[in-house]
Each structure stands twice: as C-alpha cells, then as structure tokens.
Amino acid sequence: MNPCSVAVIGGGPAGLFCALRAAGSGRRVIVLEKKASPGRKLLLSGSGQCNLTHDGDIGSFLSRYGDNGGFLKPALMNFGNRDLIAFFEERGVPTAVESDGKVFPASRKAADVLNALTAACSASGVEIRSGDPVVEIAIHSGRFLVRTDGTSYAADRTVIATGGITYPATGSTGGGYAMARGLGHRVTETGPALCAVQIKDHPFSDLAGISFRDRTISILRDGRRVRRHTGDLLFTHAGLSGPGILDFSRFIRAGDTLEISFLPDFTPETIEEALLGWITEAGQRKIGTILAAHDLPERFAHKLLAAAGLDPDSTGAHLTKTDRAALIKLLTGWPLAVSQLGSIHEAMITRGGVTLDEVNPKTMESRLVPRLFFVGEVLDIDGDTGGYNLQAAFSTAALAAKRIAGTAIAPGPGAGLQ
Ligand SMILES: Cc1cc2nc3c(=O)[nH]c(=O)nc-3n(C[C@H](O)[C@H](O)[C@H](O)COP(=O)(O)OP(=O)(O)OC[C@H]3O[C@@H](n4cnc5c(N)ncnc54)[C@H](O)[C@@H]3O)c2cc1C
C-alpha cells in the first residue's frame, strides 16, 4: 500500500493544475494517468494551438456554460482568465489575443502549455505516474484506497479529474463517472457537445461551405419551441456547423427540428412589410437579386425560391401574396430535422457529468464524501467554443487545490460513511 496525501486521478489540464497547486507543505501529491503520457487531449486543443481562455471581463464568462454557469462563479472569480494568462507568462509561455477574443500561447503550440504544466508539477514535487489507470476507489479506515492495475494507493484526499467521454483515444473514456457513482454520486446523462449536427434529407448539402453571421436557430421538440439561440452558421455536406451550432449543440437531440431564421431582425409580420418595401424599390429586378442584396447569398436565394415553388427568373413585381407567404415561411423558420449529432469521436466536449448539486461550488469538494473532489470536464459543465472549457478546467482545479492546501487533515473520508 502506497500512502500519499493527495491522489489525483487523470493527468489532463485539470488534474495537473490541481496537483501542482495542491503540492507543498510536505504533501505527497500523485497524479495517476491512464495513458503513457499526460495531457493528450490538451495537445489536440485548438487544433494543436490550444485556445487557453478568452479575453474580457471574467463576469462575462458565466453565460458561456449553458444553464450551469452559476455553479462556476466561485471558481472563475477565484482564478480567472487574467490569473491563467499570468500563470503561463510567468513560466515562459507568453500569450496572444486574437481579434475575436480567443487567447492562445504566442507560439501557437499546445505542447508549450503542456510542458509548462508538467515542469511546474515537477518543480512542486508532484509525482506523475503515467500508464497507471485507476480501476477502483474505495474507502477504508478513513482513507481512500485508489487501486490501479499495478499498485494500491492510500490517499487522504482524492481528486477525480478524468475528463468526459469524447475523443476516447486521448484517454477520456468516462471511467470517472463509474468511480463517482461507486462513491454515491449521481451522474447526469452524458452525450457529445460542441459538435456539428446532421440533418435528415439535408436541403443545403450542395451549398456546403456557405456561412451566415448571427442567424437565429430554434429547437422544436414534441411540437414545442424549447430553446432559441443566435450565432454564426455554416452549411456542411451532412448538416449544420459553425460556432452558433457548436455552442447550441449541448441542447440539441436527434429527432429535434431546428428552425432557422435567415433574417433574424424580422418577424413574419415585419418581414412582409420589408419585402414589400424591397419590391417597391427594385420591383423590376429578379427576386433572387433582391434577396441577395439583403445579406442572403445568391445561391441560397435560388434554393429558397425553388423550395417555395417560385421561378428564379420572376421579378419582385410578379410575387403574389401567396408567393410572399411561402418565401417568408422559409426565410423566418426553415424547418430542418436533426438525424443525429456528431459522434463522440468528433465532439469537443461532453455534456452532462457529475451532478453539480452534490458538489460544493466554493471548494469542488463532494457534499457526500468529505475530501473527495471533482475538477474539470468530469463535472456536468460544458462551455462554448473560445477557450471557456480549458478555463473551467483550470479554475475548478485551482479552487479544489486551494481547499486541499488550506485544510489540515481531520476525520477521514470514511467518517459518517458505511
Ligand atoms: C479536439 C478538441 C479540441 C479542443 N480545443 C479546445 C480549445 O481550444 N479550448 C478549450 O477551452 N477547450 C478545448 N477543448 C476541450 C478541452 O480540451 C477539455 O475541456 C479539457 O481537456 C478538459 O480537461 P480535463 O483535465 O478535465 O480532462 P481531459 O483533458 O480529458 O483529461 C482527463 C485525463 O484523465 C485520464 N483518465 C481517464 N480515466 C482515467 C483512469 N481511470 N485512470 C487514470 N487516468 C484516467 C485521461 O487519460 C486524461 O488524460 C478541446 C477538446 C477537443 C477534443
């Protein structure tokens, strides 16, 4: 039996960062990583360039995690984007901000971020045991018994930092959920998020590559409009992608209908008036040309006219009230049936995870099992694209480490448990 103060399960950004900040004052901190080397997913992040975090006020981050941003408030306020940037800059990894606010290492190399983390772990005396997958956590005589294939560790505190289920080749295969359940925690349904969606009988497959800025997408489920979101859209061969779809994908399910408003500034009522105005101004021009002048790509406008049963050569002046109604219906709510979401091999993040109401947001400590912590993607937290997921991993890790470093060893995790 190998004793340690802290066993961190998972050597991704959350696990490594928690370990290096929890180390010190004689604590023996061990990171147990399943794969032959830590941080495999981190190396893939941002297409290998690692979009570390986002620029701007940390308060604006809270709306970037679907319905669960409130849980992250203490973590983000304790260790925000400025702290993260300072951490890496102090360790020789200068950062650069893109015009859209994304923050990257100036070298654009995720490996520089990972190397800084592992070097900081090593400088803090953290032991990283790679190729040592944890298979079980039990509680015995007030300590955690963390069993790997080869060894058993007796830990005063345990941090579960095993990530989600997407890109399983990186080591994130959802094993942490079983560990959490084994210790009495609930896990909400998990699935792929930050992924493209596939559309049944996709009407725009021949328009793949066409993109739109700031269009409104609604989700219809069982005949009810359940969510609405505005963002940039991209037509792909199989369906829809682009930041607006990726960020909204956490809420989309196979079988849903997406309704897209290609003219989001208008309602069906106001668009009738606008359309009449455009026709009055340019009634002798072809209707496709009139639409193209209003931020709608011409090839898309032709598709629209065909779907509405209109001749692409007809002029604005020839549109009847019925023609206008057909056009308006498609322009403000073209219905698209979702056949499926991107697979776990292509989704960037997992929606769902360890239930948040059983974790203290001020410490990341379990409310059920004292001295058990959850950090990073294993939690029911998923952020938008733009660096929000790595920031959440680092911020939750920093908060757990703060609690670990600030608490003396008192009655063990078994206290009060069977
Ligand atoms: C292609 C891609 C690009 C991305 N780009 C970005 C980006 O640019 N910006 C951004 O903010 N986010 C990005 N993300 C998301 C981001 O990478 C994750 O949110 C982040 O890595 C989560 O960190 P984590 O430490 O919680 O989990 P992970 O990084 O998944 O690490 C978990 C670790 O636990 C280990 N593990 C699992 N089970 C066990 C076990 N039983 N025993 C021991 N070890 C175990 C795994 O091997 C893994 O190393 C991207 C994701 C992908 C897939």
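Coordinate-derived values only; no laboratory data. Nothing here was measured: the structure is a model prediction, and the numbers come from that model. Note that each Cβ is placed from the backbone with ideal geometry, even for glycine, and that neighbours are counted across all protein chains shown.
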Could you work out how far apart the two model spin labels at residue 265 and residue 181 are, taking each label as a point 7 Å from the Cα in the direction of the beta carbon, and quote it in nm? 5.1 nm
So for segment 196-342, what are the equivalent ellipsoid semi-axes in whole Å, largest first, each being the square root of 5 times an eigenvalue of the Cα gyration tensor? 27, 15, 13
In square nanometres, what is one fourth of the surface area of the convex hull spanned by the alpha carbons of the chain? 21.9 nm²
Before rounding to the nearest 500, sum -39500 (n - 2.57) across all DSSP H runs of length at least 4 in the chain and divide by the residue total; then give [θ] at 222 nm in deg cm²/dmol. -9000 deg cm²/dmol
Using a 10 angstrom Cβ neighbour count of at most 15 plus a DSSP loop assignment to flag exposed GluC sites (Glu not before Pro), which longest range of the chain is free of such sites? 190-345
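Equivalent ellipsoid semi-axes for segment 296-418, as square roots of 5 times the alpha carbon gyration tensor eigenvalues: give them largest first, rounded to whole Å. Numbers along the way, then the final one.
Details: eigenvalues 647, 40, 29 Å².
Semi-axes (√(5λ), whole Å): 57, 14, 12.
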In nm, spacing of pseudo-spin labels at residue 307 and residue 47 (7 Å Cα→C-beta vector): 2.8 nm
Going by amide H atoms built from the backbone, whose H comes under 5 Å of the H on residue 95, apart from near neighbours? 106
Taking the alpha-carbon centroid of each part, what is the distance from segment 200-226 to segment 300-315 in angstrom? 19 Å
Charge dipole of the chain built from unit charges on the beta carbon (Lys, Arg +1; Asp, Glu -1), centred at mean Cα; most positive-end Cα among 240, 374, 316 is 374
Gained length - residue 138 relative to residue 317, 0.36 nm times residue gap less alpha-carbon distance: 56.8 nm
If we count other beta carbons within 10 Å of each Cβ, what is the order of 348, 77, fewest first? 77, 348
Lys, Arg +1 and Asp, Glu -1 on Cβ, resulting dipole of segment 316-383 about Cα centre, debye, nearest 20: 380 debye
For segment 49-54, Karplus-derived ³J(HN,Hα) couplings (6.51, -1.76, 1.60; θ = phi - 60°; whole Hz; x for glycine and proline) come out as 9, 6, 7, 4, 6, 10
Explain nothing, just the number: dipole magnitude of segment 196-342 about its Cα centre with +1 on each Lys and Arg Cβ and -1 on each Asp and Glu Cβ, in debye rounded to the nearest 20. 460 debye
For segment 236-251, just list the computed ³J(HN,Hα) in residue order, Karplus coefficients 6.51, -1.76 and 1.60, θ = phi - 60°, integers in Hz, with x standing in for Gly and Pro. 10, 4, 9, x, 10, 8, x, x, x, 7, 4, 5, 8, 4, 4, 9
Fluctuation leader among 81, 51, 68 - the chain, Gaussian network, Cα springs under 10 angstrom: 68
So if I place +1 on the C-beta of Lys and Arg and -1 on the C-beta of Asp and Glu, and nothing else carries charge, what would the dipole magnitude of segment 121-197 be about its Cα centre? I want it in debye, nearest 20. 180 debye
Packing-based exposure ordering (other Cβ within 10 Å, fewest first) of 112, 384, 265, 222: 222, 265, 112, 384
Sort 63, 205 so that the residue with the fewest other Cβ atoms within 10 Å of its own Cβ comes first and the one with the most comes last. 63, 205
Contour minus end-to-end for residue 368 and residue 119, with contour as 0.36 nm per residue of separation and end-to-end as the Cα-Cα distance? 86.3 nm
Residues with amide H under 5 Å from that of residue 371, placed H, sequence gap 5 or more: 366
Calculated from backbone phi, Karplus (6.51, -1.76, 1.60) coupling profile of segment 336-341 in Hz, x at Gly/Pro: 10, 8, 7, 8, 6, 9
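At 0.36 nm per residue, and after removing the present C-alpha to C-alpha distance, how many nm does the segment from residue 278 to residue 207 gain when stretched out fully?
Full extension of this stretch gives 23.0 nm more.
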